[in-house]
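Visitor: Here it is, the structure in full.
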Amino acid sequence: MKSIKFLINNSDFFGILTCSLCLVHCISTPLILISFSSLNTILSTSYSWWSNLDYVFLLISFFMVYISVQTTRIKSMKFFFWLSWFSLFLVIINEKTEFYIFSEYLTYLTATGLSLLHLFNLK
């Protein structure tokens, strides 16, 4: 019970941490892909676990947004939290399915925006 209360009280901090790690993951992925392809084809097959970290970051950020929305007093922040998370969700799903071709900067922008919202919402 004490750890749940700690998580609820620090949801914005963990949201910033998750979005920052997601951003580092998104930036480093092309570098890792290039290095794997130049090293060996066997190593490039083990890339799937790294690629699936996107879903882990989405899931964690969903819970951090959910908790932050429950604890914030600013009504417009609730809307912007969900809008920002949904935008990140759409960008990552689109990146996996390649339905539309977007610049990678859009992923960086949405992750940074969500992180800044958590930073602004820190109490």
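Visitor: So between VAL24 and TYR108, what do we pick up on full extension, going 0.36 nm a residue minus the alpha carbon distance?
Guide: Length gained, VAL24 through TYR108: 29.3 nm.
Visitor: Using a Förster distance of 35 angstrom, determine the FRET efficiency expected from the C-beta separation of LEU31 and PHE120, and round it to 0.05. Don't jump to the answer; show the numbers that get you there.
Guide: Details: r = 30 Å, r/R0 = 0.87.
Efficiency for this residue pair is about 0.70.
Visitor: Please turn the phi angles of the range 101-107 into ³J(HN,Hα) values with the Karplus equation 6.51 cos²θ - 1.76 cosθ + 1.60 (θ = phi - 60°), one per residue in order, whole Hz, x for glycine and proline.
Guide: Rounded to whole hertz, the list is 9, 10, 6, 5, 4, 5, 5.
Visitor: Also: Taking the Cα-to-Cβ direction at THR97 and at GLN70 and moving 7 Å from each Cα, how far apart do the two end points lie in nm?
Guide: With each label point 7 Å from Cα toward Cβ, the separation is 3.0 nm.
Every number here is computed from the coordinates shown, using simple stated rules; none is lab data. Keep in mind that what you see is a predicted model, and the values were worked out from it rather than measured. Because the Cβ atoms are built from the backbone with ideal geometry, glycine has one as well, and the counts that use them run over all protein chains shown.
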